[in-house]
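Single-structure report; data block below.
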Amino acid sequence: MMSDPDQSEKRNQPQALDRSWHLAASRSEQKVADLEYALMRCHEAFGRWQTECLAAVGDFNHSGPENALLHIIRMNDRPKTIHDLAHMANRNDIPNIQYSLRKLIAAGLVARSGSGRAGVIYQVTELGRSVTDRYARIRAELLVAGVDGVPGLMDRLADAARCLELLTGIYEQAARNAASLRRRPGHVAPGGDGGS
């Protein structure tokens, strides 16, 4: 039995990838979902990079967010309050920030001073300064050189940063709007299990 040439040709042509999922019913939703999926993976890769780079400069086992706090504390070489850190990192999880600060203090990288009404401030120690300087050297050698080695990529970073800042504002506003739609505990949105 002879095969149909049209069917044979169809089998040999590359098929379009099915990229549909519950977050992407329209073309716009697909573009936003693709970006969010890339952001999730980039965020995790960035966290792993921070952890490995910090471990390379000394015997430190800190998470990406803890490493980020260390560098934010060092930024501009001025002490910062916990509210400064939360604001600069766009975080509102103060108990987690406090836990991370305790770990950085225990490692000798950060010092805490002040109390009560005068306010508590955090700054890097001499060890913290040495570690962040070594981190910066490894970062320049491995990460920045890698980015610089991709033609045209360095020129696109400023646009990418502006785009991410804009998206941060859009996500913040969307989060505020979503917060106004919260339901009472135990109630599920219509169409879900146990609708209200």
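Every number here is computed from the coordinates shown, using simple stated rules; none is lab data. Given the structure is predicted, the values throughout are model-derived calculations rather than measurements. Cβ placement follows ideal geometry from the backbone for every residue including glycine, while neighbour counts extend to all protein chains displayed.
Numbers below:
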quantity: Mean Cα-pair separation over length for region 90-140, i.e. relative contact order, pairs under 8 Å, 6 or more apart, %; calculated: 25 percent
quantity: Bins of 5 Å from zero: percent of alpha-carbon pairs in region 18-74; calculated: 4, 18, 18, 15, 10, 9, 10, 9, 5, 1
quantity: Option label - mean projected area of the Cα convex hull in nm² computed here, alternatives (1) 14.1; (2) 18.2; (3) 20.7; calculated: (3)
quantity: Residue of His83, His71, His22 that the Gaussian network model of the chain assigns the largest fluctuation, springs spanning Cα pairs under 10 Å; calculated: His22
quantity: Per-residue HN-Hα couplings for region 33-44 [Karplus 6.51, -1.76, 1.60; θ = phi - 60°; Hz; x = Gly/Pro]; calculated: 5, 4, 4, 5, 5, 5, 4, 4, 5, 5, 4, 5
quantity: Listed peptides 144-150, 93-99, 59-65 by packing density, highest first (mean Cβ within 10 Å); calculated: 59-65, 93-99, 144-150
quantity: The chain: relative contact order in percent, alpha carbon pairs under 8 Å with at least 6 residues between; calculated: 13 percent
quantity: From phi via Karplus (6.51, -1.76, 1.60), per-residue ³J(HN,Hα) for region 76-87 in Hz, x at Gly/Pro; calculated: 6, 6, 9, x, 9, 7, 5, 6, 4, 5, 4, 5
